[in-house]
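Peer 1: Can you read through this structure? Questions will come right after.
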Amino acid sequence: MSIIKSQNLRKWECNILNIFKGCIALTAIVLLSSCGTSKNVITWNVELKDSEMPITDKCNPGTKMQSIKSAEKPMLIPADEETESRVRVLGVPCSPDADAQTYDVPISRVKRITYVSDPLEPPSQVEFNELQPLLGCCSERDGIVMFDKFELRGVLGYRGIQEEYYKPGVLTPFKSTFFGFDEGGSTMIIGLEFAGLWNVPFIDKSEKFQLGFITGLWPWDGSMFVPLGLHGRYTFNPHPKPSSDNCNSWYLYGNLGLPLDFQTKAPLFASKIEFQRYFYGLGIGYDWAITCNMDLSFDLGFRAMNLPLPACESCPTTPIDERYPYRYSRALLFRFGLTF
């Protein structure tokens, strides 16, 4: 019995040893296969033409490069009005923990691009049209319908507490409220504005400056005003390059005009400036590109206004253009909305 037990024990030990050897072999195969498919394996090579202005190694600035090796497929940056098409290559990192060095090489400087899929096979040449285009920004900002640019804005403004005033024949003064629409005025104001703009090539051929009109709805001081005025805008980045990582843009705006209404019947033009309706303002804003042809926009600005209030009904001897009290106010405006 002892001999049989000894033989069984040896068979069990042999089985355990064979299983252990199999695990080691399997682990080695997995490790070798993972190394062979690593993204860090150099498979691409961009060969460069000789030039009087050579491309230098970013890891060794004094070294002239004959080619740029990469573990990732190069990408094609489309040409624009200022630069020719370029090939973007992610070169070898300067150290194991560093990021890959980026080279944007004009296609006129590229001799050829090769790819190695199998170390035992010769490299194959890749044409430029086989590279994937790098399109970082599709924003056009070419306007909508008949306009080169169209703005839609909601308005929130702060103009402080307005002075109360007495109207002849009315015993109770009109007092300011924090938020309201009557002729006593309010600290906070809201509104809606639209602006249609066109390019002005004889002033600015770059299409950064545009001029047009502004209108909207202002439910302020006891009337529904419809502003109508001249609106100008300067966009710093109207047409981002397709390869750009920044599709957004800062802009400046300014406007000047008349606040029209159908309640007060005050004249459009008066002989004295204190009895003249008007508004003017300026501000700075930012466009966030949310689609190729639409931006989400925010701006902060200043506006001064002289608005007519409902007329004095018991002042028959007062000249018509002086029969209407006016409220002059200055507001800090926050506008938000869409730009096409």
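The values are calculated or read from the model by the stated rules, or taken from the named source; none is laboratory data. Since the structure is predicted, the reported quantities are computational estimates derived from the model, not experimental observations. Cβ placement follows ideal geometry from the backbone for every residue including glycine, while neighbour counts extend to all protein chains displayed.
Peer 1: Quickly run through segment 70-97 and pick out the residues that are more than 22 Å from Pro133 (Cβ to Cβ) and either over 34 Å from the mean Cα position of the chain (by Cα) or part of a strand (DSSP E or B) (or both).
Peer 2: Residues of segment 70-97 more than 22 Å from Pro133 (Cβ to Cβ): 92-97.
Result: Ser95, Pro96.
Residue-wise test of (1) crowded, with 18+ Cβ neighbours inside 10 Å; (2) outside any strand (DSSP E or B); (3) free of Cβ contacts under 8 Å to residues at least 24 places away in the same chain; (4) not assigned by TED's automatic domain parsing to the domain that holds Tyr234.
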{"position": "Glu274", "(1), (2), (3), (4)": "no, yes, no, no"}
{"position": "Gly281", "(1), (2), (3), (4)": "yes, no, no, no"}
{"position": "Trp288", "(1), (2), (3), (4)": "no, no, no, no"}
{"position": "Ser297", "(1), (2), (3), (4)": "yes, no, no, no"}
{"position": "Pro310", "(1), (2), (3), (4)": "yes, yes, no, no"}
{"position": "Thr318", "(1), (2), (3), (4)": "no, yes, yes, no"}
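The rows are residues; the columns are (1) more than 30 Å from Leu135 (Cα to Cα); (2) in the same structural domain as Leu300 (by TED's automatic domain parsing); (3) touching a Phe, Trp or Tyr at 6+ places or on another chain (Cβ under 9 Å).
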| site | (1), (2), (3) |
| --- | --- |
| Asn199 | no, yes, yes |
| Phe202 | yes, yes, no |
| Trp220 | yes, yes, yes |
| Phe225 | yes, yes, yes |
| Gly229 | yes, yes, yes |
| Thr235 | no, yes, yes |
| Lys241 | no, yes, no |
| Asn248 | no, yes, yes |
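Peer 1: Considering each residue of segment 275-307, count those that are among the hydroxyl-bearing types (Ser, Thr, Tyr) and modelled with pLDDT under 95, and give that number.
Peer 2: Result for segment 275-307: 1.
Peer 1: Of the residues that make up segment 137-157, is at least one more than 30 Å from Leu333 (Cα to Cα) and either surrounded by 15 or more Cβ atoms within 10 Å (Cβ to Cβ) or without any contact (Cβ under 8 Å) to a residue 12 or more places away in the chain (or both)?
Peer 2: yes
Peer 1: Okay, moving on. So the check is Cβ under 6 Å with 6+ separation or different chains; which pairs have a first residue in segment 322-340 that's assigned to a strand (DSSP E or B) and a second one that's among the basic types (Lys, Arg) and surrounded by 15 or more Cβ atoms within 10 Å (Cβ to Cβ)?
Peer 2: Cβ pairs passing all conditions: Ser329/Arg159; Ala331/Arg159; Ala331/Arg303; Leu333/Arg303; Arg335/Arg153; Gly337/Arg153.
Peer 1: For segment 124-162, how many residues meet the condition of being within 30 Å of Ile214 (Cβ to Cβ) and in a loop (DSSP other than H, G, I, E, B)?
Peer 2: Residues meeting the conditions: 14.
Peer 1: Please work out which one of (1) part of a loop (DSSP other than H, G, I, E, B); (2) in contact (Cβ under 8 Å) with a residue 40 or more places away in the chain; (3) surrounded by fewer than 16 Cβ atoms within 10 Å (Cβ to Cβ) is the condition Glu121 fails and give its number.
Peer 2: (2)
Every residue, every condition in (1) in contact with a Cys (Cβ under 8 Å, 6 or more places away or on another chain); (2) farther than 20 Å from Leu192 by Cβ, yes or no:
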site	(1), (2)
Thr235	no, yes
Pro240	yes, yes
Cys247	yes, yes
Gly254	no, no
Leu260	no, no
Ala304	no, no
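Peer 1: In segment 140-183, which residues are at pLDDT below 80 and not assigned by TED's automatic domain parsing to the domain that holds Asp221?
Peer 2: Glu140
Peer 1: Among the residues of segment 176-185, is there at least one that is in contact with a Cys (Cβ under 7 Å, 6 or more places away or on another chain) and either farther than 30 Å from Arg86 by Cα or among the aromatic types (Phe, Trp, Tyr) (or both)?
Peer 2: Quick first cut of segment 176-185, residues in contact with a Cys (Cβ under 7 Å, 6 or more places away or on another chain) only: none.
No, there is no match, as no residue in segment 176-185 is in contact with a Cys (Cβ under 7 Å, 6 or more places away or on another chain) and either farther than 30 Å from Arg86 by Cα or among the aromatic types (Phe, Trp, Tyr) (or both).
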